[in-house]
Amino acid sequence: MSASHRRTVIGGALAIVLGLTGVACGDSEDGTSANGLEKSDITLGTMTIADTVPIQIAIDKGLFKAEGLNVKTQVIQGGAAGIPLLKSGRLHFSFGNYVSLFTAGIKDPGFKPKIVAEGFQSASKSHTLMVRKDSPYQTVADLKGKKIGVNTRRNISTLLVRAAAKPVNVEFDEDDNFVEIPPPNMEQGLKSKSVEAVQAIEPFGTQMEQSMGARMVADLSSGPTADFPIAGYAATEEFIKENPKTSAAFQRAMQKAQGMAADRKLVQDTLPTFAKGIDAKVASTMSYGTFPTTLSATRLQRVADLMLEFEYIEKKIDVKQFIADSAA
């Protein structure tokens, strides 16, 4: 892990309360829990993918409980799906890709997301472009004009594909070339030939390779998107202002879990326990990214700058406006 990952940058409102280790006993009538948190029962949006392993680690190791939090998880299809749930208050925190969070934060005046913890950063083959074993397509250039399965349009999946295609002078249209398919269903998408390729995330990429012989035509975690920030954990600005102690407790628990996720064996052992259909063989052979333990505006700015390049946003933005604590 790089030095920037180890650099401590906790500050601001989320870091004013330290050392809370009591176990929550529920929220009181005045809105304050028995351990001093404004709210101890929280709902967290998550996905059953390798990127969110730290959430399960935090649950299994009692990290949330140690901070006085009772965490209920709710599975969402992707970051974009979590945004209306955050806005409505049905989710208090949610895992989400930065492209969706930044886009919504800019285009929706009623939504002010604040990232409280980084979640996942790509590494070699953690995000790939895959085709059927018998496909005639060998490179990303061969897929010009074809249908490609992605988790969600106009998010990190399509951005990675478009960034990989640009050096070979290929442009993909968000509506004409991309088809939304939940990651667990991408194998069926390839088998049925409803799409010619899929933007696979782990563990589904490895699973498709082993079960149907799917092959990679492009490593999307290389070149300009090597070690690329993918997703993090966010809440609304309003929630953080009203619940600074709760937000700080959640942040501390996640930072500890992210640090523990540096243990590859722990991640391998944990993944099959919550990701449906993923067995120990897949977990032991798949590609993993990294789990940053600190927030870095410099890292996240890469995402915003690439979004501008591909016109996901109209003008350059400073990502510090989306970070809940000091990353200076």
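Rule-based calculations on the coordinates, nothing more; no lab input. What you are looking at is a predicted structure, and each value in this text was computed from that prediction instead of being measured. Note that each Cβ is placed from the backbone with ideal geometry, even for glycine, and that neighbours are counted across all protein chains shown.
Which order do peptides 60-66, 187-193 fall in by mean Cβ count within 10 Å, highest first?
Numbers: 60-66: 17.7, 187-193: 16.0.
Ranked from most to least packed, the peptides come out as 60-66, 187-193.
Within 10 Å, count the other beta carbons around each residue, average over each peptide in 96-106, 210-220, and list them highest first. Can you show the working numbers first?
Values: 96-106: 24.3, 210-220: 17.8.
Ranking, from highest mean packing down: 96-106, 210-220.
Which net charge results when you count Lys and Arg as +1 and Asp and Glu as -1 among the other residues whose beta-carbon is under 15 Å from that of Leu101? Spell out each step's value before the answer.
Working: positive: Lys87, Lys107, Lys112, Lys114, Arg154, Arg299, Arg302, Lys320; negative: Asp51, Asp108, Glu118, Glu237, Asp318.
Neighbourhood net charge equals +3.
Please work out the C-alpha center-to-center distance from region 230-274 to region 72-122 and express it in whole Å.
Cα centroid of region 230-274 versus Cα centroid of region 72-122: 14 Å apart.
I want the antiparallel fraction of DSSP beta bridges within the chain, as a percent rounded to 5.
60 percent
So the label point goes 7 Å from the Cα of Met212 along Cα→C-beta, right? Which residues of region 154-181 then have their backbone N under 14 Å from it?
Only 181 fall inside the zone, counting backbone N under 14 Å.
Using only DSSP helix segments of four residues or longer, with each worth -39500 (n - 2.57), what per-residue ellipticity at 222 nm results for the chain after dividing by its residue count and rounding to 500?
Working: 13 runs with 111 residues, N = 328.
Taken over the chain, the calculation gives -9500 deg cm²/dmol.
Can you pull the Kirkwood radius for region 230-328, inverse mean 1/r over Cα pairs, to one decimal in Å?
Evaluated over region 230-328, this radius sits at 16.1 Å.
Determine the sum of side-chain charges near Val170: Lys and Arg each +1, Asp and Glu each -1, restricted to other residues whose C-beta is under 10 angstrom from that of Val170. Show your work: numbers first, answer last.
Numbers: positive: Lys144, Arg162, Lys166; negative: Asp142, Glu171.
Result for the neighbourhood of Val170: +1.
Each label point is 7 Å from the Cα along the Cα-to-Cβ direction; what then is the distance between the points at Leu85 and Leu266, in nm?
Label-label distance for Leu85 and Leu266, simple model: 2.5 nm.
Given Lys87/Lys320; Lys125/Lys245; Lys112/Lys245; Lys61/Lys125; Lys191/Lys281; Lys112/Lys146, which pairs have Cα atoms separated by over 26 Å? Working shown, then result.
Values: Lys87/Lys320 20 Å; Lys125/Lys245 38 Å; Lys112/Lys245 19 Å; Lys61/Lys125 29 Å; Lys191/Lys281 22 Å; Lys112/Lys146 36 Å.
Result: Lys125/Lys245; Lys61/Lys125; Lys112/Lys146 exceed 26 Å.
Using the Kirkwood formula over every pair of different C-alpha atoms, what hydrodynamic radius in Å results for region 82-161? Don't jump to the answer; show the numbers that get you there.
On the way: mean 1/r = 0.0661 Å⁻¹.
Computed over Cα pairs of region 82-161, the Kirkwood hydrodynamic radius comes out at 15.1 Å.
Say each of Gln321 and Val179 gets a label point 7 Å from the Cα, pointing the same way as Cα to Cβ; how far apart are those two points in nm?
Each label point is offset 7 Å from its Cα along the Cβ direction, giving 3.8 nm.
Express in whole angstrom the spacing between the alpha-carbon centres of region 133-193 and region 292-328.
25 Å
Measure nothing but the geometry: give the 0 to 90° angle between the long axis through the Cα atoms of 244-260 and the longest principal axis through the Cα atoms of the chain, rounded to 10°.
50 degrees
Under 1.5 on a/c is rounded, so check that first for region 127-225, then, if it is not, pick prolate when a/b is larger than b/c and oblate when it is not; a ≥ b ≥ c are the square roots of the alpha carbon gyration tensor eigenvalues. Show your work: numbers first, answer last.
Working: a/c = 1.37, a/b = 1.33, b/c = 1.03.
Rounded shape, in that the Cα axes give a/c under 1.5.
With axes computed from alpha carbons, what is the tilt in degrees of helix 156-165 against the longest principal axis of the chain, rounded to the nearest 10 within 0 to 90?
40 degrees
Helix 79-88 versus the longest principal axis of the chain: what angle, 0 to 90°, nearest 10, using Cα atoms?
For 79-88 against the chain, the angle is about 30 degrees.
If packing is taken as the mean number of other Cβ atoms within 10 Å per residue, what is the order of 305-316, 254-265, 45-56, 129-140, highest first? Write out the running numbers ahead of the final one.
On the way: 305-316: 14.2, 254-265: 18.7, 45-56: 24.4, 129-140: 16.7.
So the peptides 305-316, 254-265, 45-56, 129-140, ranked by packing, come out 45-56, 254-265, 129-140, 305-316.
Restricting attention to the alpha-carbon atoms of the chain, what are Rg (one decimal) and Dmax (integer), both in Å?
Looking at the chain, its Cα Rg and Dmax stand at 19.5, 64 Å.
How big is the antiparallel share of DSSP beta bridges in region 127-225, given as a percent to the nearest 5? Display every interim value, and only then the final one.
Values: 8 of 13 bridges.
Of all bridge pairs located within region 127-225, approximately 60 percent are antiparallel.
For region 221-328, what is the relative contact order in percent, using Cα pairs closer than 8 Å and at least 6 residues apart in sequence? Present the calculation step by step, with values, prior to reporting the outcome.
On the way: 59 pairs, mean separation 26.6, N = 108.
Relative contact order here is 25 percent.
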